[in-house]
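A.B. asks: One structure, as structure tokens, below. Some questions next.
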Amino acid sequence: MMELSIKIRSVIISNMDVIYSIAANFAGGGIGTTSYNAVSGIDRHKFLKKLYCVTYQESEIADDLIQKYPTAFLDRVSFLPQNKRYLAKDSLFDFFVSRNDLTCDIFHGWNGHCLRSLKKAKMNGAITFLERASSHINTYEKLVSEEYRKWGIKSDVISNYSKKRLIEEYNTSDFINIPSEFAYKSMVENGIPKEKLNKLPFGVNTSKFKAKSEKRKENLEYMVLFVGQVGFRKGIPYLLEAWQSLKLKNARLYLVGGEEEAAKEYLRDFRSDPTIEFVGFTNPLSYYQAADIFVFPSIEEGSALVNYEALACGLPVITTFNSGSVVEDGKSGFIIPEADIASISEKINYFYEHPRKEAEFSLSARKLAEEFTWKNYGERLVDVYLKKLKS
């Protein structure tokens, strides 16, 4: 039905030109994956005029539609702190993009990457979209700063200049795309008009991320999985303390992801626990396919892709509202309060003690993931463009 509605609107608006801009490695993972699937949807309908990016992986997008500005050399400027290198890189990219003729019907840029180009495209008559893949910067700063303070970590989450730039992009754009109810709520609470917001959940490659066909052997250990940066923002202390309080027999917690530098001292006390496996940064697919359940107790996200991936692999997901998940509470997983050790323990133990319920949740998880394919994400995005352009 969605594709049919898009085709009908496309007949009415047959020559929409879209420019898409992101200061990242297009199709290269993370926001590069999200942007790739957005642009693929735009290109399927022959609406893509130009893609601007830092660099790109080979894809079906025609080379003549892509302009890259490789600003990653600034990563090697060692005398600048990391946050200032990111700011310099994104600002330089935006400067290069803004020097182009940005005449189009729709200009779509990522938050922090597009202030100059957003203004120029708008001046040229484009309808402008801003991609904000996280909560409002005020909410982000508050939650993450409070979490660091709780653990005695001194950290400047964001500079005043960067924050001002992000908010100016909010105010300049015609519309802001956000991926979850949590992100939507944070925007409204910080004064962004509801009519300016488009809630577009992300997606997952359901052909790649799927459960193994063979059944697990009953004598294998019970496997609880976390995927992501092992650090404070992701709620790792609450997961580790919940895990140790359970003392489950024949069970192991796997942490797949790089470790946050600021968290390494805290993590030291858990390394000797034989029931906790610090895997490090690696391809998580085999871990998704081997695990029994997935736990992601994040303090702040836009809509974490790992939750979609876990669902697609048939894993019941225990996560927070602040993770921006599409999980159906009590059906494909559980939504729990952030920073709540007792809730994490309770829900892990529920699945451990109720294998039949876990199997039911597993079926629901995969079924839910199939509604959030990357193709559907691209189609929803194009549908939003067409609706706004028509109105």
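The values are calculated or read from the model by the stated rules, or taken from the named source; none is laboratory data. These figures come from a predicted structure and were not determined experimentally. So basically every Cβ, Gly included, is an ideal-geometry build from the backbone, and we count neighbours across all protein chains shown.
A.B. asks: List the residue pairs whose Cβ atoms are under 9 Å apart, where the first residue sits in the range 109-122 and is touching a residue at least 24 places away in the same chain (Cβ under 8 Å) and more than 21 Å from ASN160 (Cβ to Cβ), the second is assigned to a loop (DSSP other than H, G, I, E, B) and β-branched (Val, Ile, Thr), and the two are 6 or more positions apart or on different chains.
C.D. replies: Short answer, once both residue conditions are applied: ALA121/THR103.
A.B. asks: How many residues are part of a helix (DSSP H, G or I), touching a Gly at 6+ places or on another chain (Cβ under 9 Å), within 21 Å of ASP94 (Cα to Cα) and of a type outside the set (Ser, Thr, Tyr) when one looks only at the range 16-40?
C.D. replies: Counting residues in the range 16-40 that are part of a helix (DSSP H, G or I), touching a Gly at 6+ places or on another chain (Cβ under 9 Å), within 21 Å of ASP94 (Cα to Cα) and of a type outside the set (Ser, Thr, Tyr) gives 2.
A.B. asks: Among the residues of the range 180-196, what is the count of those that are over 15 Å from LYS142 (Cβ atoms), buried (at least 17 other Cβ atoms within 10 Å of the Cβ) and either among the hydrophobic types (A, V, I, L, M, F, W, C) or in contact with a Pro (Cβ under 9 Å, 6 or more places away or on another chain) (or both)?
C.D. replies: Qualifying residue count, the range 180-196: 2.
A.B. asks: Out of all the residues in the range 107-121, is one or more of a type in the set (Gly, Ala, Ser), in contact with a helix residue (DSSP H, G or I) (Cβ under 8 Å, 6 or more places away or on another chain) and closer than 21 Å to PRO179 by Cα?
C.D. replies: yes
Matching residues to (1) surrounded by 24 or more Cβ atoms within 10 Å (Cβ to Cβ); (2) basic (Lys, Arg); (3) touching a strand residue (DSSP E or B) at 6+ places or on another chain (Cβ under 9 Å):
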site: ASP273; (1), (2), (3): no, no, yes
site: PHE278; (1), (2), (3): no, no, yes
site: SER286; (1), (2), (3): no, no, no
site: ASN307; (1), (2), (3): yes, no, yes
site: SER323; (1), (2), (3): yes, no, yes
site: ILE335; (1), (2), (3): no, no, yes
site: PRO355; (1), (2), (3): no, no, no
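A.B. asks: Considering each residue of the range 41-76, count those that are at pLDDT below 95, part of a helix (DSSP H, G or I) and in contact with a Lys or Arg (Cβ under 8 Å, 6 or more places away or on another chain), and give that number.
C.D. replies: Going through the range 41-76 one residue at a time, the tally reaches 4.
A.B. asks: Six or more apart or on different chains, Cβ under 9 Å: which pairs go from a residue in the range 219-230 that's in contact (Cβ under 8 Å) with a residue 40 or more places away in the chain to one that's in a strand (DSSP E or B) and among the basic types (Lys, Arg)? Could you list them?
C.D. replies: Sorted first by the residue in the range 219-230, then by its partner, the pairs are TYR222/ARG252; MET223/ARG252; VAL224/ARG252.
A.B. asks: Starting from the range 156-180, keep only residues that are in the same structural domain as GLU141 (by TED's automatic domain parsing), then list their pairs with residues that are among the acidic types (Asp, Glu) and surrounded by fewer than 16 Cβ atoms within 10 Å (Cβ to Cβ) whose Cβ atoms are within a distance under 9 Å, requiring at least 6 positions of separation or different chains.
C.D. replies: PHE175/GLU195
A.B. asks: Every residue in the range 280-297 that is assigned to a loop (DSSP other than H, G, I, E, B) and touching a residue at least 24 places away in the same chain (Cβ under 8 Å), please.
C.D. replies: Across the range 280-297, the qualifying residues are PHE281, THR282, PRO284, ALA291, ASP292, PRO297.
A.B. asks: Here's a follow-up. In the range 334-344, is there at least one residue being closer than 21 Å to VAL204 by Cβ and part of a helix (DSSP H, G or I)? Write out each step before concluding.
C.D. replies: Initial filter on the range 334-344 (closer than 21 Å to VAL204 by Cβ): 334-335.
Then drop every residue that is not part of a helix (DSSP H, G or I), which leaves none.
No - not one qualifying residue is present in the range 334-344.
A.B. asks: Could you check, for the range 308-320, whether at least one of its residues is in contact with a Phe, Trp or Tyr (Cβ under 7 Å, 6 or more places away or on another chain), free of Cβ contacts under 8 Å to residues at least 60 places away in the same chain and not β-branched (Val, Ile, Thr)?
C.D. replies: yes
A.B. asks: Limited to the range 237-271, what total is found for residues that are surrounded by 12 or more Cβ atoms within 10 Å (Cβ to Cβ) and touching an Asp or Glu at 6+ places or on another chain (Cβ under 8 Å)?
C.D. replies: 8
A.B. asks: Tell me whether the range 79-94 contains one or more residues that are basic (Lys, Arg) and at pLDDT 95 or above.
C.D. replies: No, that holds for no residue.
A.B. asks: Okay, next question. Given GLU146, GLU189, which one is over 18 Å from the mean Cα position of the chain (by Cα), in contact (Cβ under 8 Å) with a residue 12 or more places away in the chain and more than 28 Å from ILE19 (Cα to Cα)?
C.D. replies: Checking each option against the conditions leaves just GLU189.
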